[in-house]
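The values are calculated or read from the model by the stated rules, or taken from the named source; none is laboratory data. Treat the numbers as computed from the prediction; the structure is a model and nothing was measured. Neighbour counts are summed over all protein chains in view; Cβ atoms, including those assigned to glycine, are modelled from backbone coordinates with ideal geometry. Ligands, DNA and RNA are stripped out before the accessible areas are found, and what is left, the full protein with its side chains, is counted by its heavy atoms. Shrake-Rupley method; radii C 1.70, N 1.55, O 1.52, S 1.80 Å.
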Amino acid sequence: MKKAIPILFVFTLYATLVCAQSTRIRGVITDAETGESLPFVNVFFTGTTIGVSSDMDGNYNVETREEVSELTVSMVGYGSQTKKITPNNYQTLNFQLTPLNIQLDNVVVTPGENPAHKILRNVIKNKKINNPDKLNAYSCATYTKMELDLTGIEADRTFRNKRMQRDFGFIFNYVDTSILTGKSYLPIMISESIADYYYSRNPSLSREVIKASRISGVEEDYTLAQFTGQLHGKVNFYDNYVDVFDVHFASPLSDHGLLYYKYFLIDSLQVNDRKTYYIRFHPRSLSTPVLDGELHIDSLSWGLEYAKVKMMKGVNVNWIRYLSLEDSYQLVNDTTWFLKQSKMSADFSVVLSDSSKLTSFLGNREVTYSNIDVSGYIPPSIRKLDNNVVISKDVLNTDDDYWDKMRPYKLSQKEQDIYTMVDSIKQAPLYQTVYTMISTIFGGYYKAGKLELGPYYKMLSHNDLEDYHFQFGARTTSDFNKKLRLSAHLGYGTKDKRVKGGGGVEYVFNNQPTTKLHFKYRYDATQLGAGTNAFTSGNVMNSILSRGNKDKLSIVEQMELNFEREWRQGISNFITVKHQDINSSEFVPFVRPDGSAASHVRSTALSLRTRLSKNETVTRYNFEKYSFGSDYPIVTLDFSAGLNGLCSNDYEYYRLEGNIDYEFDIPPIGTSEMIVNIGKIFGNVPYPLLKLHEGNGTFFYDQYSFSCMNYYEFASDKWISFFWEHHFKGFFLGKIPLMKRLKWREVFVLKGVIGTLSDSNNGSLPNTDAVFLFPAGMGSVSKPYFETGVGVENILRMFRFDAIWRLSHRNNPDASNFTVSFSVNLDF
């Protein structure tokens, strides 16, 4: 939930053709006599080579910033038509072509290969030459412009009521029409960035240095600048799959393209003594994410000159009603076809029906490439940098004169005024109300000036130890202090009648890279051995979705001092001193081997944690940072030492633990995530300080715990565990006619752990030397534990249900051999 706000922000930023001050035409071409739509009709601005062909339904859309005055359509067997257009505006022009009454001689059709297939085969054969990512090295300058628009506002009565007119009446002066959807839209955000991009194949390097960035409606934020460049959302049609919003569309230039598409050679054009082939392609089926569109191929090099594609309706993709990609290439040194401009447009909507009148979002992104150098030289200073996106220290220190000089074309006055308009919207009371409501729902806290109240989902919960637990919390915001944050919460249990609570102090010395000191105190009911999912412990959802009397809570008093130092992006250290006092309870008793009872376990530990990642995308706020993943494994190493003698009854021990988290794509059959955890504890410790393998006492699915394992069922002092999930993204269900309409997606889960206990830590043995006897039902996992499950996600585009079976230790006392889990996921 806490990650939702930055995720939604990047969702909109990542959304990507800015249309203002360009000539935009869309329409339908039909047969004048039959009324049938005409595919493959040539559509071009008269006197230019700028044009497209109509799709299978006769639809077309074309755009240019060049000075043009007429649009021509032509097709063999039909009379051509030319119409006047109004430059620098949006227009809808439909054409009805009249068939020519031409007497043709008999035509003899000789069976042979589709000529488009031969061209495609040559393109694939020459990928290593023409694919820019196969060059040894190159560099270029980029200008990236992104725009987020609100569509359909004129049809929405909400935007015409008196309060909207009072607060936002001025915005209707900025309404325009989209070439993608044909609907009106209002720009609500615009961003621009200037960057240098460097690429090397061996040694591997993909690095963008953002030199200037600005975002309308957003406070000057150094870290958000990383999302305004071209690297996030880069499309390469030479790859077998085109990755957009984590959806892997089969590329029309894929090595296996004939499995996904039908290809048609519709025309050829001679320009500057080079012939260009025009090819249309259309998907064979919609069982996997596919595209529809056209390609222009150079006959001399078999390189891609131009591509314009759109997402097919009916594919298993969420929240996107329309998606359009357009790439144009330029010839460098008369040998290499390199990107000249890349455009992306997407219409985001809760309802994907074309007839829906609900307001939606239109995201536009345009990247222009210049100063291309394919000589292979990359400065050593660039190679020494530490991340794939590097932000210049002066990225925000630019004025209007700088932008006017650096832009490849001049912004219209309307585009320039968007910055002022968005700032004005932010000051409106209605905007503040809506923003507060959304941030509360997704962030968990209600902002009230310099304080945030929450999290709301922990205000009420239920468990066997406390019966009903009430909690109220608050923390300061960056409006109070941008470097210092104070937090506190107060709780009460109706059964044990204990007042509980805690607090914390955070001080941020530096945000980029992070240097932070954090002290926190907590006295509360805690479930030891739980996973990390926020919904599986200590909140209202945990109470509602409980599997019965599965929770085994303890009252824990804990003080912790943590110092975080990020040496460079991807390398961080955490030094922590933690003191905790774990109290015995009726559910978690502390009984010595001689039968006497202990009231608590006390420990003080010093730990050093190292976190390593490569090319990880991170967004930062004043006190928090969120990871959006990496193409490489993320490794965490922990060393802890129990300090004996600082407090009475402390225990001396040493703990080593390592964790690898790797998410990887296997198109077209989906995405996998594998987590491996390994560790060892040296020393004699009571069982609360052992590795308590993560159980789950709820019906809410937790990726980082075992769904069929009870709390305190297994413990180890030496162990290795793994958690594997594979998301098939509808690979199988999408091929079943009745299921395809539901757009459900398959999930496979496999989890396991094996561990051992030394005799001095095994409290389940007779005559044990362990500090405490194990609670009933707790033991070693020297016999491996496995569970597996299958699930269906994307139910109503957000719900997931899993059926999970325990494969081993099925005869354990109170074992859950089967369970059904529920979760909520918002994915494309």
Exercise for review: Could you please tell me which pairs satisfy a Cβ distance under 7 Å, a separation of 6+ or placement on different chains, a first residue in the stretch 437-452 that is surrounded by fewer than 13 Cβ atoms within 10 Å (Cβ to Cβ), and a second residue that is outside any strand (DSSP E or B)?
Suggested key: Gly449/Asp479; Lys450/Thr477; Lys450/Asp479; Lys450/Phe480
Practice item. Determine which single condition Ile666 fails, assuming it passes every other condition in (1) modelled with pLDDT under 95; (2) within 20 Å of the chain's Cα centre (by Cα); (3) crowded, with 16+ Cβ neighbours inside 10 Å; (4) not small (Gly, Ala, Ser). Key: (3)
Exercise for review: From (1) of a type outside the set (D, E, K, R); (2) over 16 Å from Met344 (Cβ atoms); (3) out of contact with any Leu (no Cβ under 6 Å at 6 or more places or on another chain), pick out the condition that doesn't hold for Ile320.
Suggested key: (2)
Check your understanding: Is it fair to say Ser782 is open to solvent by 30 Å² or more (accessible area, probe 1.4 Å), under 17 Å from Leu690 (Cα atoms) and in a helix (DSSP H, G or I)?
Key -> no
Review point. What number of residues within the stretch 811-826 satisfy the criterion of being closer than 17 Å to Arg547 by Cα and either within 35 Å of the chain's Cα centre (by Cα) or open to solvent by less than 20 Å² (accessible area, probe 1.4 Å) (or both)?
Key: 8
Exercise for review: Collect the residues in the stretch 601-615 that are open to solvent by less than 50 Å² (accessible area, probe 1.4 Å) and modelled with pLDDT of 85 or more, keeping them in residue-number order.
Suggested key: Val601, Ser603, Thr604, Ala605, Ser607, Thr610, Ser613
**Study point:** strands (runs of 3 or more DSSP E) contained entirely in the stretch 321-434, each with at least 2 residues that are out of contact with any Cys (no Cβ under 6 Å at 6 or more places or on another chain), of a type in the set (A, V, I, L, M, F, W, C) and at pLDDT 90 or above
**Key:** 336-348
Review point. Considering only residues of the stretch 701-756 that are at negative phi and of a type in the set (Gly, Ala, Ser), which is surrounded by the most Cβ atoms within 10 Å (Cβ to Cβ)?
Key: Ser707
Study note, to complete from the structure: Considering only strands (runs of 3 or more DSSP E) wholly within the stretch 550-643, the ones with at least 1 residues that are hydrophobic (A, V, I, L, M, F, W, C) and touching a strand residue (DSSP E or B) at 6+ places or on another chain (Cβ under 7 Å) are 554-568, 571-583, 600-612, 618-620, 634-642
Review point. For the stretch 264-284, does any single residue satisfy the condition of being closer than 30 Å to Leu742 by Cβ, small (Gly, Ala, Ser) and modelled with pLDDT under 95?
Key: no
Check your understanding: Taking the stretch 508-524 only, how many residues are in contact with a Lys or Arg (Cβ under 6 Å, 6 or more places away or on another chain) and within 22 Å of Leu490 (Cα to Cα)?
Key -> 2
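Matching residues to (1) modelled with pLDDT of 90 or more; (2) of a type in the set (A, V, I, L, M, F, W, C); (3) more than 30 Å from the chain's Cα centre (by Cα); (4) open to solvent by less than 40 Å² (accessible area, probe 1.4 Å):
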| position | (1), (2), (3), (4) |
| --- | --- |
| Leu465 | no, yes, yes, yes |
| His469 | yes, no, yes, yes |
| Ala474 | yes, yes, no, yes |
| Lys483 | yes, no, no, no |
| Lys495 | yes, no, yes, no |
| Arg498 | yes, no, yes, no |
Practice item. Go through the stretch 391-404 and count every residue that is farther than 13 Å from Ser193 by Cα and not acidic (Asp, Glu). Key: 1
Review point. Just one of His489, His469 is closer than 19 Å to Leu561 by Cα, touching a Lys or Arg at 6+ places or on another chain (Cβ under 9 Å) and not charged (D, E, K, R); which is it?
Key: His489
Study note, to complete from the structure: Note: among Val62, Val43, just one is part of a strand (DSSP E or B) and buried (at least 22 other Cβ atoms within 10 Å of the Cβ), namely Val43
Practice item. Give Ser543, Ser554, Ser487 a once-over and let me know the one that is buried (at least 16 other Cβ atoms within 10 Å of the Cβ) and farther than 28 Å from Arg609 by Cβ. Key: Ser543
Exercise for review: Working carefully through the options Ile102, Ile129, Ile85, find the one that is open to solvent by 90 Å² or more (accessible area, probe 1.4 Å), at pLDDT 85 or above and of a type in the set (Val, Ile, Thr).
Suggested key: Ile129
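Residues checked against (1) over 30 Å from Gly570 (Cβ atoms); (2) surrounded by 15 or more Cβ atoms within 10 Å (Cβ to Cβ):
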residue: Gly293; (1), (2): yes, yes
residue: Ser328; (1), (2): yes, yes
residue: Asn333; (1), (2): yes, no
residue: Ile372; (1), (2): no, yes
residue: Ile382; (1), (2): no, yes
residue: Asp386; (1), (2): no, no
Check your understanding: Just for the stretch 180-193: of the residues that are in contact with a helix residue (DSSP H, G or I) (Cβ under 9 Å, 6 or more places away or on another chain) and open to solvent by 10 Å² or more (accessible area, probe 1.4 Å), which one is farthest from Tyr138 (Cα to Cα)?
Key -> Ile188
Review point. Before we move on, is Ser74 open to solvent by 70 Å² or more (accessible area, probe 1.4 Å), at pLDDT 85 or above and on the phi < 0 side of the Ramachandran plot?
Key: no
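A quick yes/no check of all residues on (1) outside any strand (DSSP E or B); (2) open to solvent by less than 10 Å² (accessible area, probe 1.4 Å); (3) touching a Ser or Thr at 6+ places or on another chain (Cβ under 6 Å); (4) among the hydroxyl-bearing types (Ser, Thr, Tyr):
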{"site": "Gly763", "(1), (2), (3), (4)": "yes, yes, no, no"}
{"site": "Val792", "(1), (2), (3), (4)": "no, no, no, no"}
{"site": "His809", "(1), (2), (3), (4)": "yes, no, no, no"}
{"site": "Phe828", "(1), (2), (3), (4)": "yes, no, no, no"}
Review point. What's the number of the condition Tyr621 fails, among (1) over 26 Å from the mean Cα position of the chain (by Cα); (2) open to solvent by 60 Å² or more (accessible area, probe 1.4 Å); (3) farther than 30 Å from Phe722 by Cβ?
Key: (1)
